[in-house]
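Presented below is the structure to which this report refers.
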């Protein structure tokens, strides 16, 4: 969908000249090769990039192919997952392309785009040479029944697949109420997984790496999603007002959260040792720390602390909300700090920690 080699555009002040950027694989990793006629000024600027190296075999400078450097050189984002177009019959490839284009025009996130594209592609692959635009509501109802009965997909996957197909027919083809007669599977009601304050402290005590410890403390101390903690930039931290600006959180909404006073001294130590340039937590070759790396840090910390509980790094956000509620914090304040659009989303934590219910003693204790 995108060219492998393209002319690059760098920030003002760069001597771009005839600079081209080529996506390639080098020594087992995805990189961006920077090719240009000899230019001393441009070489100096390339050398200033974090992780920039010279490849004698490729005869080019290169940096890691990540979101940071794609934005820096104004390149298109990397495609998420496998190329779904290659797995769909020619009959329906244009339909899949229109779905992707509409998602981008409407400003959906890359994660949503990848999910919708891949789920819609499953239907298209099943159809083969049958045009998807010719499907009737009854035919789609039969397909969803097949996904439920034969494929035995989970409720979450069924919802994602139905949302993707619904988006195509209603948002791309403008067929309103096309899914009125297709029932949705009942969602399994789950409660947020959290860990106790005691275990949170054990987690921090077991994490001796300064960078990892700071990341986990801030993730818990401000109730952040993992995408928010890795996307946090230095300029977003206002230690004077003890606030942190969360930019384009879930739903592309901005919000402010409180910066814990207890983290200030550690933050100063972290800045002095790691000297981040743009993002608070940066990867080995620059740019934001990856979500996968943050998840791995949490998993390793749980293991080191000896906490045997099936919970991911998002559990720190759940723990933040649960512990605030247990401390008697107003539900409206918690909603605002978490960035929930609806109060009903925040009220689920009331089911996890009901202070009055906890006071009720079991009759077993009275025997």
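Residue 240 fulfils the conditions (1) surrounded by 12 or more Cβ atoms within 10 Å (Cβ to Cβ); (2) assigned to a loop (DSSP other than H, G, I, E, B); (3) modelled with pLDDT under 90 except for a single criterion, (1).
If you go through the stretch 246-256 one residue at a time, do you hit one that is touching a strand residue (DSSP E or B) at 6+ places or on another chain (Cβ under 9 Å), assigned to a strand (DSSP E or B) and within 23 Å of residue 69 (Cα to Cα)? Give the derivation first.
Looking only at the stretch 246-256, we keep the residues that are touching a strand residue (DSSP E or B) at 6+ places or on another chain (Cβ under 9 Å), and these are 246-247, 249, 253-256.
With the extra rule that they be assigned to a strand (DSSP E or B), the set shrinks to 246, 255-256.
Filter once more, so that each one left must be within 23 Å of residue 69 (Cα to Cα): 246.
Within the stretch 246-256, one or more residues are touching a strand residue (DSSP E or B) at 6+ places or on another chain (Cβ under 9 Å), assigned to a strand (DSSP E or B) and within 23 Å of residue 69 (Cα to Cα).
Report yes if residue 333 is over 21 Å from the mean Cα position of the chain (by Cα) and at pLDDT 90 or above, otherwise no. The answer is yes for residue 333.
For the stretch 145-225, the helices (runs of 4 or more DSSP H) that sit wholly inside it and include 1 or more residues that are crowded, with 19+ Cβ neighbours inside 10 Å and in the same structural domain as residue 268 (by TED's automatic domain parsing) are 197-206, 210-221.
Working carefully through the options 285, 279, find the one that is modelled with pLDDT under 90, touching a strand residue (DSSP E or B) at 6+ places or on another chain (Cβ under 8 Å) and under 30 Å from residue 51 (Cβ atoms). Don't jump to the end; show me each part of the working.
Numbers: 279 fails: modelled with pLDDT under 90.
Sole residue among the options that is modelled with pLDDT under 90, touching a strand residue (DSSP E or B) at 6+ places or on another chain (Cβ under 8 Å) and under 30 Å from residue 51 (Cβ atoms): 285.
Each residue in the stretch 50-60 was checked for being surrounded by 15 or more Cβ atoms within 10 Å (Cβ to Cβ), over 14 Å from residue 24 (Cβ atoms) and modelled with pLDDT of 85 or more, and 1 of them qualify. The condition of being modelled with pLDDT of 85 or more, surrounded by 19 or more Cβ atoms within 10 Å (Cβ to Cβ) and outside any helix (DSSP H, G or I) holds for only one of 63, 31, that being 63. Helices (runs of 4 or more DSSP H) fully within the stretch 282-367 that include at least 2 residues being loosely packed, with under 13 Cβ neighbours inside 10 Å: 291-305, 331-338, 343-347, 355-358.
Okay, residues lined up against (1) over 26 Å from the mean Cα position of the chain (by Cα); (2) under 30 Å from residue 92 (Cβ atoms):
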site	(1), (2)
139	yes, yes
145	yes, yes
162	no, yes
193	no, no
209	no, no
228	no, no
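Looking across the stretch 78-97, the residues that are in contact with a helix residue (DSSP H, G or I) (Cβ under 6 Å, 6 or more places away or on another chain), part of a loop (DSSP other than H, G, I, E, B) and at pLDDT below 70 come down to 80, 81.
Only one of the numbered conditions (1) in contact with a helix residue (DSSP H, G or I) (Cβ under 6 Å, 6 or more places away or on another chain); (2) under 23 Å from residue 352 (Cα atoms) is not met by residue 198, and that is (1).
The values are calculated or read from the model by the stated rules, or taken from the named source; none is laboratory data. Note that the structure is a prediction, hence the values are computed from the model and not measured. Note that we place each Cβ from the backbone using ideal geometry, even for glycine, and neighbour counts take in every protein chain shown.
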